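Take a look at the structure set out below.
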Amino acid sequence: MDTKKQALEKLKGHIKPDTSKWKEDARWRRANKGWLRKSQKIAFDILQALRAQKKTQRDLAREINVSPQQVNKWVKGRENFTLETIDRLEKALGITLMASSHHVHIQQLLSHSFKTNYKSVSPVKEKIQSAEGGTRVIRLNPQEFTTTQQTG
Amino acid sequence: MKIIGIFAVVENALLAVQYEGEPVHEFARIFKQWRSVEYLEEFFETHRGDLQSEHYRKKKGLITIAEAVFSTIDEAEDFEYQIKEVAETGKENDEETLHDLIFHPLHKNDSSKLHQQNKAYGPDRSSWLRLYAIRIAPNLYVISGGAIKLTPKLQDREHTNLELKKLKIVAEHLKEIGFDQADDYGFIEIGE
């Protein structure tokens, strides 16, 4: 076997410079690892939903009116999805793609039969018919809302 | 399958060929596959039988497709980082950094020997990621391809058998440019 020096000599004129930019990409992936994992999970759920529903990426593209290339980009696992896109995908596929930790926490609380009753029935505004027959709007202070809690 | 170039992945340490029809060299192509959710989901669904075989059940229990996909992405990232680090450590000299840590000789066409070697690493060495390469000098390797290997022998599956063919193609190409003994076939896997 050649020494490394001999081998490199033989390779002269045969080696091309690496233009694939894999090192830069590797650094970028390490720096963005957190949200990339979320994107990968969404991509995986989309693919598994399509598989279960026997749909193609092209079918999904048609349903939500985007190009098949766009759907294919999404399922690679490095798309920084907008909430609007997530919502469209969830509706089209009938699945939840992004359950927030808060949502999961609320679900757990509800499952422990922790009940909260909000006494105030008014939303932000309340219409009151004035004596003159006109209409005026009174904004309610959120602090006026009364809250009681029951456990059971 | 024709080679259209040899590229320096890590200068003076790790080279990779590019085949006709492919947009990038094999090192970049393989790792791109190993982080593509689309590719991995399809691969593990296709090879679900191998993934959930007795072989893996004994080692790790029943592996779901999701677990396989995400552990592959994580392992590939570590693998890529480790190779880069190890190759760069030894690029200035003849120090066998890659060989000592992650390169395992693959005796050509000798699947029984390969099987023995795999078993010799013990049941905990269960990464299925493989890069295939030819050693042309101490700490100087040419990558011919890579695969997710779920079965004991390369010949067991079409996609791994193809990797054997690619090793031979690269060996022939290297012989044409003066490496008469370019037959030190091997595979690179995650070191410990």
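The values are calculated or read from the model by the stated rules, or taken from the named source; none is laboratory data. Please read these numbers as outputs of a predicted model, since none were measured by experiment. Cβ placement follows ideal geometry from the backbone for every residue including glycine, while neighbour counts extend to all protein chains displayed. Quick note on the areas: whole protein, heavy atoms, side chains included, nothing else; ligands and nucleic acids left out. Shrake-Rupley method; radii C 1.70, N 1.55, O 1.52, S 1.80 Å.
Select from region A:1-22 the residues that are facing chain B (nearest Cβ under 7 Å) and among the basic types (Lys, Arg) and list them in ascending order.
If the condition is that a residue be facing chain B (nearest Cβ under 7 Å) and among the basic types (Lys, Arg), then A:4, A:10, A:16 are the ones that fit.
Go through B:146, B:186 for me and flag whichever is surrounded by 15 or more Cβ atoms within 10 Å (Cβ to Cβ), modelled with pLDDT under 90, within 14 Å of chain A (Cβ to nearest Cβ) and part of a strand (DSSP E or B).
Every option except B:186 fails the conditions.
When both residues are 6+ apart or on different chains and their Cβ atoms are under 8 Å apart, which pairs have a first residue that lies in region A:56-83 and is within 13 Å of chain B (Cβ to nearest Cβ) and closer than 20 Å to residue B:34 by Cα, and a second that is among the acidic types (Asp, Glu) and open to solvent by 40 Å² or more (accessible area, probe 1.4 Å)?
That search, which allows pairs on different chains as well, returns A:72/B:38; A:75/B:38; A:76/B:38; A:77/B:38.
Looking only at region B:16-59, which residues are over 27 Å from residue B:153 (Cβ atoms) and either out of contact with any His (no Cβ under 7 Å at 6 or more places or on another chain) or open to solvent by 50 Å² or more (accessible area, probe 1.4 Å) (or both)?
Correct list: B:20, B:21, B:23, B:24, B:28, B:37, B:38.
Please specify each residue of region A:30-59 satisfying the condition of being open to solvent by 50 Å² or more (accessible area, probe 1.4 Å) and of a type in the set (Asp, Glu).
A:45 - this is the single residue of region A:30-59 that is open to solvent by 50 Å² or more (accessible area, probe 1.4 Å) and of a type in the set (Asp, Glu).
Within region B:112-134, is there a residue that is part of a loop (DSSP other than H, G, I, E, B), at pLDDT 90 or above and open to solvent by 20 Å² or more (accessible area, probe 1.4 Å)?
Scanning region B:112-134, I find no residue that is part of a loop (DSSP other than H, G, I, E, B), at pLDDT 90 or above and open to solvent by 20 Å² or more (accessible area, probe 1.4 Å), so the answer is no.
For region B:2-15: of the residues being assigned to a loop (DSSP other than H, G, I, E, B) and in contact with a Lys or Arg (Cβ under 7 Å, 6 or more places away or on another chain), which is most open to solvent (accessible area, probe 1.4 Å)?
Taking the candidates together, the pick is B:11.
Scan region B:16-29 for residues that are facing another protein chain (nearest Cβ under 9 Å) and assigned to a strand (DSSP E or B) and jot them down.
Once the filter is applied, which keeps residues that are facing another protein chain (nearest Cβ under 9 Å) and assigned to a strand (DSSP E or B), region B:16-29 yields B:16, B:18.
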